[in-house]
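Take a look at the structure set out below.
The values are calculated or read from the model by the stated rules, or taken from the named source; none is laboratory data. Note that the structure is a prediction, hence the values are computed from the model and not measured. Note that each Cβ is placed from the backbone with ideal geometry, even for glycine, and that neighbours are counted across all protein chains shown.
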Amino acid sequence: MSTGPDLFGAAAADAGPTEATLPPLAVRMRPRTLEQVRGQGDVLRVGSPLRRLIEGSGGRAGPVSAIIWGPPGTGKTTLAHLVASAAGRDFVELSAITAGVKDVRAVMEQAARQRDLYDRQTVLFLDEIHRFTKAQQDALLPGVENRQVILVAATTENPSFSVIAPLLSRSVLITLSALSDPDIGELIDAALTSPEGLDSAYDLEPEARAHLIRVSGGDARRALTALEAGAGVAEDVRGVRGDDAATSITLPAVEQAMAQAAVRYDRAGDQHYDVASALIKSMRGSDVDAALHYLARMLEAGEDPRFIARRIVIAASEDVGMGDPTALQTAVAALHAVAQIGMPEARIILAQAVVHNALAPKSNAAYAGINAAIADIRAGKGGPVPGHLRGSGYAGADRLGHGKGYRYAHDEPDGVAAQQYLPDDLQGKTDYYQPTDHGFEARLQQRWDWIKGRLGRGEPAEIAKSGQPTDDVERLKP
């Protein structure tokens, strides 16, 4: 448990910290005011509950407790410190990893004394609240209910599943999002020049800066930690050279510091499209190793996994199609799962969908069929809908002859009603869907030939009724 008014290591800085006592760069660069906070504009707008809590707004509406949910490095701890910085508040910090019910009760007792004796509010910052058991969270309820403490709880997991309902109902839920690339870039630039940061002692090469932004994944703490580590490597390199040149943080220095090579990939340029194209073509070509390679390259470069999932869904219909209809089911399931789970676990789901697409039998017959049909429409082909197919569910339809002579397919013994479906100008001249003999579609080919014979389009069916294709599960499963 930590207490005290100095939230940002200012005292240590005044004492002239040595290398051994210097706080990490991410701590030194922690915003001290609302204006210094990057990103999170939606939750910090004027009049929002969090902004009122931070600014200590007066009036009869008192401060409310808050549960802050968001990915690592998005400012949860920073915002808690800013809440505590409002005049007349004490700050107590607990971690759900190490604290227990006894610690919570001790804070509540101390907060009650501060309120009753000195009229001071206490802000309790509880990190990783999702790690608290139900009993531990129950211990918070009386203090939150009676406003003995202003609870600011942080979590990286969905509070709907990890925080008890009574505590949720007594708090406002604030959702943070990962920082954007421009926000991370501004943060890195500020850290390079700020007296609290690296104080203009280093030059950061553009390639190294771009790499730091990519690998940060919207995590401010990760970006600053990597920058500080890169500066350390740059110092060592300079010491080995023994020159007096300005210390430059290069791409190799950042790669060495992070033990992670830069991925040659530009999410807004040619590499974005080239690697995505290579992924699609590798799945189409059934080279599962190549497909996984390009998937890994995109993920490591920080590509949005939802973009990748959408491309896989398209490929499942365009390239696999009816060769294996279950590939589309896998791809769509992956699309929804990725949106719910996120990285890093999303890589497993995407890999499963990529492997399924790559190894499945391929057919673009459905894709080619719709393209051919659209081409005919654009060429002006396709006359009036045959009268017996027109809608007949309204007054006057009978007088117009709509629906007259229509045969209901379910009344036929074989479930296929032999009648004209295409417009007159396309009847007998159209063959949009041409099944392949690959995978599941090979089983459809025989049935489609038989159906066309029953419909009078093409050669009469040679298959006797007793031997016609059936729709039983064993016959049609992939």
Under the condition of being modelled with pLDDT under 90 and of a type in the set (Gly, Ala, Ser), which residue from the stretch 161-179 is farthest from PRO49 (Cα to Cα)? SER162
Every residue from the stretch 342-360 that is within 18 Å of SER282 (Cβ to Cβ) and surrounded by fewer than 20 Cβ atoms within 10 Å (Cβ to Cβ): ARG347, ALA351, GLN352, VAL355, LEU359
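Listed here are the residues, each with its yes/no results for (1) modelled with pLDDT of 85 or more; (2) in a loop (DSSP other than H, G, I, E, B).
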residue	(1), (2)
HIS410	yes, no
ALA418	no, yes
LEU422	no, yes
ASP425	no, yes
PRO435	yes, yes
Scan LYS362, LYS404 and give me the residue that is under 30 Å from ALA327 (Cα atoms) and part of a loop (DSSP other than H, G, I, E, B). LYS362
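The rows are residues; the columns are (1) among the charged types (D, E, K, R); (2) modelled with pLDDT of 90 or more.
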position: ARG209; (1), (2): yes, yes
position: VAL215; (1), (2): no, no
position: ARG222; (1), (2): yes, no
position: VAL233; (1), (2): no, no
position: VAL237; (1), (2): no, no
position: ASP243; (1), (2): yes, no
position: ALA246; (1), (2): no, no
position: ILE249; (1), (2): no, yes
position: PRO252; (1), (2): no, no
Can you pull out every residue in the stretch 375-387 that is assigned to a helix (DSSP H, G or I) and within 15 Å of GLN427 (Cα to Cα)? ASP376, ILE377, GLY387
Within the stretch 161-197, the count of residues that are over 13 Å from GLY70 (Cα atoms), among the small types (Gly, Ala, Ser) and under 24 Å from the mean Cα position of the chain (by Cα) comes to 3
Single match in SER363, SER392, SER317 (criterion: among the hydroxyl-bearing types (Ser, Thr, Tyr) and touching a Ser or Thr at 6+ places or on another chain (Cβ under 9 Å)): SER363
Just for the stretch 297-326: of the residues that are among the hydrophobic types (A, V, I, L, M, F, W, C) and surrounded by fewer than 16 Cβ atoms within 10 Å (Cβ to Cβ), which one is farthest from TYR367 (Cα to Cα)? PHE307
Any residue in the stretch 72-98 that's under 21 Å from ARG52 (Cα atoms) and at pLDDT 85 or above: show its pairings with residues that are among the hydroxyl-bearing types (Ser, Thr, Tyr) and in a loop (DSSP other than H, G, I, E, B) at Cβ separation under 7 Å, as long as the two are six or more apart or on different chains. THR74/SER177
So the check is Cβ under 8 Å with 6+ separation or different chains; which pairs have a first residue in the stretch 429-441 that's in the same structural domain as ILE451 (by TED's automatic domain parsing) and a second one that's assigned to a loop (DSSP other than H, G, I, E, B) and modelled with pLDDT under 85? THR430/LEU422; GLY439/PRO478; PHE440/LYS477; PHE440/PRO478
Please tell me if TYR406 is surrounded by 15 or more Cβ atoms within 10 Å (Cβ to Cβ), in the same structural domain as GLU441 (by TED's automatic domain parsing), over 30 Å from ILE314 (Cβ atoms) and hydroxyl-bearing (Ser, Thr, Tyr). yes
I'd like to check something: does the stretch 395-402 contain any residue that is within 30 Å of ASP431 (Cβ to Cβ), basic (Lys, Arg) and either surrounded by fewer than 18 Cβ atoms within 10 Å (Cβ to Cβ) or assigned by TED's automatic domain parsing to the domain that holds LYS429 (or both)? no
Candidates ALA339, ALA334 - the one that is in a helix (DSSP H, G or I) and surrounded by fewer than 18 Cβ atoms within 10 Å (Cβ to Cβ): ALA339
For the stretch 190-206, how many residues meet the condition of being in a helix (DSSP H, G or I) and at pLDDT below 90? 0
Suppose we filter ALA339, ALA346, ALA365 for residues that are among the small types (Gly, Ala, Ser) and not assigned by TED's automatic domain parsing to the domain that holds VAL320; which single one remains? ALA365
If a residue has to be farther than 13 Å from VAL123 by Cβ and of a type in the set (Val, Ile, Thr) to count, how many in the stretch 66-95 make the cut? 3
